[in-house]
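Please read the structure below before turning to the comments.
The values are calculated or read from the model by the stated rules, or taken from the named source; none is laboratory data. Fair warning: this is a prediction, and the values are worked out from it, not measured in the lab. Neighbour counts run over all protein chains shown; Cβ positions are idealised from the backbone, glycine included.
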Amino acid sequence: MGVFIKVRVNEGWLTTDQGQALTASCPVNIFRWAESRLLVQAEQEDECTLCELCLDLSPAGAVTICKKYKEETLVSRGSVSGGSPDDN
């Protein structure tokens, strides 16, 4: 678990392609694709460089990055629609 950074994913809001894109794009391997699921590798969270690639690639609200040291949260803002529960 990250001491300074906490990454959360609402995986039901992401398609398989989006989840795999997050895994491939993260420069510090925070995400891992396993058993058809996107996982956050807790031991990697503090390696986050805050590049925000994951926030750009994800549907709005699907990924959050909490800066624990600042009590600030960054939220994905991608324009691609996901499977938000509110869409049903």
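If the condition is being within 11 Å of V7 (Cβ to Cβ), without any contact (Cβ under 8 Å) to a residue 60 or more places away in the chain and buried (at least 16 other Cβ atoms within 10 Å of the Cβ), then the stretch 59-73 contributes V63, T64. Selection of the stretch 20-43 for residues being in contact with a helix residue (DSSP H, G or I) (Cβ under 6 Å, 6 or more places away or on another chain), hydrophobic (A, V, I, L, M, F, W, C) and exposed (fewer than 12 other Cβ atoms within 10 Å of the Cβ) yields an empty set. If you take the residues in the stretch 44-58 that are farther than 20 Å from E71 by Cα and either buried (at least 18 other Cβ atoms within 10 Å of the Cβ) or polar (S, T, N, Q) (or both), which one is nearest to the chain's Cα centre (by Cα)? In this case the residue turns out to be S58. The strands (runs of 3 or more DSSP E) located wholly in the chain that include 1 or more residues which are touching an Asp or Glu at 6+ places or on another chain (Cβ under 8 Å) and at pLDDT 95 or above occupy 5-9, 63-67, 72-75.
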